[in-house]
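Scroll down for the structure; my scribbles are underneath it.
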């Protein structure tokens, strides 16, 4: 019986960084680092380092830097970095957007009610790092980065998913869901390892409830793996001439099987 598969040659799929993409990636990193700096200098560092927001911004900044470095210099590490670190960083992004206003208010109230430390406030606007524009600029630039790098992320995720058993895919989805809860748990315990810090690190400006943490984890986890699944669902096979530099992608478009170059 003759094959009914209709093969066509498609347009090339860009996976390399363009100059515009590099600029936008650098902007995402710079804005995140700027907000992290504003947070650290809002009040004495001994207080800001213990905030959940400082941990979240540091992880998001590491994600932006790591994805750029691994793709450019260590391409074999780019896939595991995106697969395993991105859910944590994306969870941190949601935690920062959700909880930073509450932390900023708690910090200000702590200093306002304590005459001994009131004069230690360094910033004229100690809550500026948690404003609507500050939070959503970091969030928006993350999604800009995801959109402009969608072809690379789709290829990377498809290759990993195609090598997994169904139970491993469900385990990964569960991992995406619980990453925020794991981060909050780690943040709640690390002060006890540094109990000799002055002032004592057992004081924290925020105590996230299990319900709120679960809600944030659900929103972050579901949107994360749905986006990656959307980017990769049409691929059927990837063949590399040079890994993450040049290859061929086979994907479905309706009744057609399309062959496209990856460059």
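Between residue 12 and residue 236, the contour length at 0.36 nm per residue exceeds the Cα-Cα span by 79.1 nm. Report, to the nearest 10°, how far helix 210-232 tilts away from the longest principal axis of the Cα atoms in the chain, using its own Cα long axis and a range of 0 to 90°. So the helix axis and the longest Cα principal axis differ by about 20 degrees.
By other beta-carbon atoms within 10 Å, ranking 40, 219 with the fewest at the front produces 219, 40.
Could you list 15, 148 in order of exposure, starting from the residue whose Cβ has the fewest other Cβ atoms within 10 Å? Don't skip to the answer; put the middle values down first.
Details: 15 21, 148 16.
Lowest count first: 148, 15.
Between residue 170 and residue 256, the modelled labels are 3.7 nm apart [label points 7 Å from Cα along Cα→Cβ].
Distance from the Cα centroid of the stretch 220-240 to that of the stretch 17-72 is 25 Å (rounded to whole angstrom). In the elastic network of the chain, a GNM with C-alpha springs shorter than 10 Å, the most mobile of 60, 155, 144 is 144. The stretch between residue 140 and residue 65 holds 25.3 nm of extra length on full extension. This uses 0.36 nm per residue minus the Cα-Cα distance. With both labels modelled 7 Å from their Cα along Cα-to-Cβ, the residue 74 to residue 41 distance reads 3.0 nm. Each residue of the chain gets 148 Å³ once the volume of the Cα convex hull is shared out per residue. Using a Gaussian network model of the chain in which every pair of alpha carbons under 10 angstrom is joined by a spring, one finds that among 168, 35, 79 the greatest mean-square fluctuation is at 168. Angle between the Cα long axis of helix 52-73 and the longest principal axis of the chain, 0 to 90 degrees, nearest 10? Rounded to the nearest ten degrees, it is 30. Using a simple spin-label model with pseudo-atoms 7 Å out from Cα toward Cβ, residue 185 and residue 162 lie 3.5 nm apart.
In which sequence would 209, 234, 130 go, from the one with the fewest C-beta neighbours within 10 Å to the one with the most?
Neighbour counts put them in this order, fewest first: 209, 234, 130.
Quick note: the coordinates plus some simple rules give every number you see, no bench work behind them. Every value quoted in this text rests on a predicted model; they were computed, and no experiment measured them. A quick note on method: Cβ atoms are made from the backbone with ideal geometry, for glycine too, and the neighbour counts reach across all protein chains shown.
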